[in-house]
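What follows is a single structure, written as structure tokens, with notes after it.
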Amino acid sequence: MEEERNIRPAAPDGWPRPKKSLGQNFLQDKNIARKIVEQLRIAPTDRVLEIGPGPGMLTGFLLEADPACLCLVEKDHHWAAERQSVFLTGAGAESGRVRQVILADALTMPWEKFHAPWKIMGNLPYNVASPLIWDILSKAPGLTRAVFMVQKEVGQRLAAAPGTSAYGALSVWVQSFAVPRLEFGVPPQVFRPAPKVHSAVVSFTPLPIPEQPADPEALSNLLKLCFQKRRKQLGGILRAQPNWQPGEAEKFGVEQSARPEELTPRQFQDLAVFLKTLK
Ligand code: SAM
């Protein structure tokens, strides 16, 4: 609570004080909002889900794009109720298009039940962006496109290439399920209250299901193991694995002396499956 009272400047007229605990830095710039929504490439038949609509800056442009179904997931009671009332009374209220607000924590959504085609977007609260993107990309089978605004450094990690300093577990995981693209940067002054960090908009095009990891759990375990020790050599990291023989890594075109940050997502996936066969 103390944190929330310290946010300055106060909220725009008539708004409740933004909650820092919910990452409430609200976008004020309509041109940027329009540009973000355009990245989702909405067609009239699309189902679209927005995470964290808040006062609705992105939602307004999503409504203009008029997808067949627009669903909002908001954790804040006030903003969920406000978006609901706009849906009930707004111009499209009788259009027959599906418009729904869900008062929920997006971190607890059953993404694995999203079998139908969905496009997902959000100006994500910075404290939950990485785990949310981790889950959505790997669990939602019907995902056709996603666009998220995240902290700039997170955007760089999501899109990082092997061998670079930003490349880590999040990069490998996300790139095993989708092709991320850093679309553009967004400066702090277009938000209210202004965050201390710069933001970036990242789009994701999911890979065809057959190209996604055969064993996501094994991959996740391997990434945790490897990136806890990213400066160590692979041979040393894997030595303690059951039945691991020196030289095994070479089967995957990987030197024993390679460090985790040098492996491609495909090499991690193959290695994860292989390690499981050893147990
Ligand atoms: N979309 C608005 C915009 O661009 O101005 C608001 C973005 S604000 C950065 C993040 C929004 O996500 C807030 O409305 C906040 O209440 C909501 N939020 C925070 N944590 C959430 C969670 N776990 N699940 C769903 N919504 C959440």
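Structural remarks
- Global form of the stretch 193-249, assessed from the alpha-carbon gyration tensor, a/c cut-off 1.5: oblate
- Computed from point charges on the beta carbon alone (+1 for Lys and Arg, -1 for Asp and Glu), the dipole magnitude for the chain about its Cα centre is near 500 Debye.
- In the chain, helices alone account for a calculated mean residue ellipticity at 222 nm of -9500 deg cm²/dmol, with every DSSP H run of four or more residues adding -39,500 (n - 2.57).
- Neighbours of R41 by Cβ distance under 10 Å: Lys/Arg scored +1, Asp/Glu scored -1, total 0.
- Under a model in which nothing but the beta-carbon of Lys, Arg (+1) and Asp, Glu (-1) is charged, the stretch 122-233 shows a dipole of about 460 debye around its Cα centre.
- Placing dummy labels 7 Å off each Cα toward the beta-carbon, the span from D66 to K30 is 1.9 nm.
- Here the extension length gained between R231 and K276 equals 13.8 nm, from 0.36 nm per residue of separation less the Cα-Cα distance.
- The chain shape via C-alpha gyration tensor axes, a/c threshold 1.5: prolate
- Considering only V190, V150, I209, and ranking their Cα positions along the charge dipole of the stretch 2-211 that arises from unit charges at the beta-carbon of Lys, Arg, Asp and Glu, the one farthest toward the positive end is V190.
- For the chain, the relative contact order works out to 15 percent when only alpha carbon pairs closer than 8 Å and six or more residues apart are counted.
- Between D215 and F184, the modelled labels are 4.4 nm apart [label points 7 Å from Cα along Cα→Cβ].
- Arranged from fewest to most other beta-carbon atoms within 10 Å of their beta carbon, F61, F204 become F61, F204.
- Within-13-Å neighbourhood charge of L182 [Cβ basis; K, R +1; D, E -1]: +1
- Given their separation in residues at 0.36 nm each and the Cα-Cα distance between them, A194 and A166 gain 7.6 nm when the chain is fully extended.
- Taking a point 7 Å out from the Cα of E38 in the direction of its Cβ, the residues of the stretch 49-78 whose backbone N falls within less than 19 Å of it are 57-67.
- Highest mean first, the peptides 235-246, 149-160, 23-34 sorted by other C-beta atoms within 10 Å per residue fall in the order 149-160, 23-34, 235-246.
Values in this text are rule-based calculations from the coordinates and carry no lab data. Owing to the predicted nature of the structure, the values given are computational and were not obtained by experimental measurement. Neighbour counts run over all protein chains shown; Cβ positions are idealised from the backbone, glycine included.
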